[in-house]
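Data block below; observations after.
The values are calculated or read from the model by the stated rules, or taken from the named source; none is laboratory data. Given the structure is predicted, the values throughout are model-derived calculations rather than measurements. Using ideal geometry, Cβ is built from the backbone for each residue, glycine included, and neighbour counts are taken over all protein chains shown.
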Amino acid sequence: MQGSSELPGFYKLSVQDRLKLLQKLAGLTDEEAKVLGDTGGLPSDVASRMIENVVGGMTLPLGMATNFLINGKDYVVPMALEEPSVVAAASNAAKIARVKGGFKVTNTGPVMIGQIQTVGVPDPRGAARKLAAKKKELLAKANEQDPMLVSLTGGAKGLGVKVIKTLKGPMVIVELYVNCGDAMGANAVNTMAEAVAPLVEEISGGRVYLRIISNLADRRLVKATAVFEKEALGGAEVVEGIVYAYAFAEADPYRCATHNKGIMNGVIAVALACGQDTRALEAGAHSYAARSGVYKPLTTWRKNRDGDLVGTLEMPMAVGLVGGAAKVHPAAKANVKVLGVKSAIELAEVMGAVGLAQNFAALRALASEGIQKGHMKLHARSLAMNAGAKGDLVDAVAERMIAEKKIRFDRAKDIVEELSSKKTAT
C-alpha cells in the first residue's frame, strides 16, 4: 500500500469513491479494481447495509449437491466453497446412502443460551440460590423484550445458575435458555440478556459485565444417521478401513482435527450458500467436540450385523431463516428456495446430513483409493488455470500433469508455455 491506512471519512464515501481511493493507495490496475468492485448478484446498496466500508464483493463457486434423501424427502443442496471435489463427493455419498433409505435426522429444537456474567458477589452460593428462586421474574423480564417471538411459542423457556472459579475469583453465571424459533437468535438472546442484567445485579449484589449469547449451542443439536451398504461402497474391506479411520480420529486429536474439518467442508458450504453465520457454526462445532476435555470426532462409525457401515453425526447447528443474510442476500434467498426448507430446524437437519455425507466420502477415499486421486484431478485443473491456461488448454495441461504425476504450479506453467507455443506455431 502506498500511504497511510488512516483514512478519515472513508466510511462516509460512496462505494465507488472508496474503491477509487483504494485503487490509488494499493496501486491496483483498472482490471483489478473492476474485479473487486463486482458484487455479483448482491446490489451494492444492500452490501453497504450488511457490513461497513464496502468497496465491492467476492464470490465463491456455487455448486448443487444431488441425490440427497433426508427423512424421506428429496433435496438438491446448494454448496458455496472454493475446494474441489467436495460437491461431487457429497453427491456420491448421498447416492450410496439412498440404497438403505437415505439420512435420518432428528433435532433437539432451536434453543440458544444467553449468559449473564456477575462478579464481585459477596455470597456466590447464596446469590445463586436467590437467582434460581426468582426464575419466573427473570424469565418474564426476558420475554418482555420480544413479544413477537413469544407469540410464536418461542422466547425464554428456562433458566440456569452456576458458580464458576476463575483467575479473577468466583463468578455467578445466569443462563437464559431461549427458544429462537426460525431465527439463529443472536439478537434476541443478547437483547434479553441485557434486559435481565439489572435485575441480576439487584438480586445477587454483584456487578454484571458480559451479557451475550453462547455459541456452544448444545441445546440446539442435530443427530444424523445413515447406513451405507457394504457392496455399494466397495466391499467389506472398505467398511473395515473406514472403521479403522474413525478409531484413529477417536484416539488422536491431530487426526481428529482433520476428520472434523471434513465434516465442516459440507456444513459450512451449505451455510455460506444459505446466508448463515459460519463463524458461530465453526465455534459451536469445535467446542462441542471438546466438551469432554479431549477433542473428539463429531461422528461415529461402526459395522452392523449385516456388515454394512453405520454412521452417526451429532453436533450443534445454530441456523436461521429469519433475519441476517438469509433474508437480505438475494443469492442466499434463492438458494433457500432451491433447497426448499420451510423452517430453521429443517435447514439444520439438511446441514447435518450433508456433514455426515461429506465425512463418509472423505473416509471412504482415505480407506480405499486415497484422498488425493479424486482431489488432485480437480486441483490440477485449478493449477492449470492459475498458470494461465484457458479453454481446452486447461484440461490438456491438467491431464499431462496427472499422467506425469507432477501436479505442481511450476510444472503447470512449463506445460502451458510449451502447449501455447505449439499452438502458436501451427
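For the list (1) out of contact with any strand residue (DSSP E or B) (no Cβ under 9 Å at 6 or more places or on another chain); (2) within 30 Å of G311 (Cα to Cα), I need the number of the one condition that D182 fails.
(1)
What are the pairs with Cβ atoms under 8 angstrom where one residue, in region 84-108, is farther than 30 Å from N179 by Cα and the other, located anywhere, is of a type in the set (V, I, T)? Sequence gap at least six, or different chains.
A90/V77; A90/V354; S91/T66; A94/T66; K95/T66; A97/V227; K100/V227; G101/V227
Give the residues of region 1-26 that are surrounded by 10 or more Cβ atoms within 10 Å (Cβ to Cβ) and outside any helix (DSSP H, G or I), sorted by residue number.
G3, L7, L13, S14
For (1) buried (at least 19 other Cβ atoms within 10 Å of the Cβ); (2) in the same structural domain as R125 (by TED's automatic domain parsing); (3) in a helix (DSSP H, G or I); (4) not acidic (D, E), each residue gets a yes or a no:
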| residue | (1), (2), (3), (4) |
| --- | --- |
| V174 | yes, yes, no, yes |
| V189 | yes, yes, yes, yes |
| E194 | no, yes, yes, no |
| A197 | yes, yes, yes, yes |
| E201 | no, yes, yes, no |
| Y209 | no, yes, no, yes |
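I want to confirm something. Restricting to region 49-58 and keeping residues that are surrounded by fewer than 18 Cβ atoms within 10 Å (Cβ to Cβ) and in contact with a helix residue (DSSP H, G or I) (Cβ under 9 Å, 6 or more places away or on another chain), which single residue is farthest from K223 (Cα to Cα)?
Among those residues, the one meeting the criterion is N53.
Could you say whether any residue in region 44-67 is outside any loop (DSSP other than H, G, I, E, B), out of contact with any Gly (no Cβ under 7 Å at 6 or more places or on another chain), at pLDDT 95 or above and acidic (D, E)?
Pass one, region 44-67, residues outside any loop (DSSP other than H, G, I, E, B): 44-50, 62-67.
Filter once more, keeping what is out of contact with any Gly (no Cβ under 7 Å at 6 or more places or on another chain): 44-46, 48-50, 62-67.
Add one more test, that the residue is at pLDDT 95 or above, and what stays is 62-67.
Next, only the ones that are acidic (D, E) stay: none.
Within region 44-67, not a single residue is outside any loop (DSSP other than H, G, I, E, B), out of contact with any Gly (no Cβ under 7 Å at 6 or more places or on another chain), at pLDDT 95 or above and acidic (D, E).
Going residue by residue through region 121-137, is there one that turns out to be more than 19 Å from M171 (Cα to Cα) and either in a helix (DSSP H, G or I) or in the same structural domain as G323 (by TED's automatic domain parsing) (or both)?
Yes, region 121-137 has at least one match.
Tell me, which helices (runs of 4 or more DSSP H) lie completely within region 260-379 with 1 or more residues that are in contact with a Phe, Trp or Tyr (Cβ under 7 Å, 6 or more places away or on another chain)?
Values: elements: 278-289, 325-328, 330-339, 344-367.
In region 260-379, the matching helices (runs of 4 or more DSSP H) lie at 278-289, 330-339, 344-367.
Listed residues K168, K162, K100; which is at pLDDT 95 or above, farther than 21 Å from A348 by Cβ, in a loop (DSSP other than H, G, I, E, B) and under 32 Å from the mean Cα position of the chain (by Cα)?
Only one candidate passes the filter, namely K100.
Which members of region 219-254 meet the condition of being among the β-branched types (V, I, T) and part of a helix (DSSP H, G or I)? Spell out how you get there, then give the answer.
If we filter region 219-254 for residues that are among the β-branched types (V, I, T), which is where we start, we get 222, 225, 227, 238-239, 242-243.
Hits for region 219-254 are V238, V239, I242, V243.
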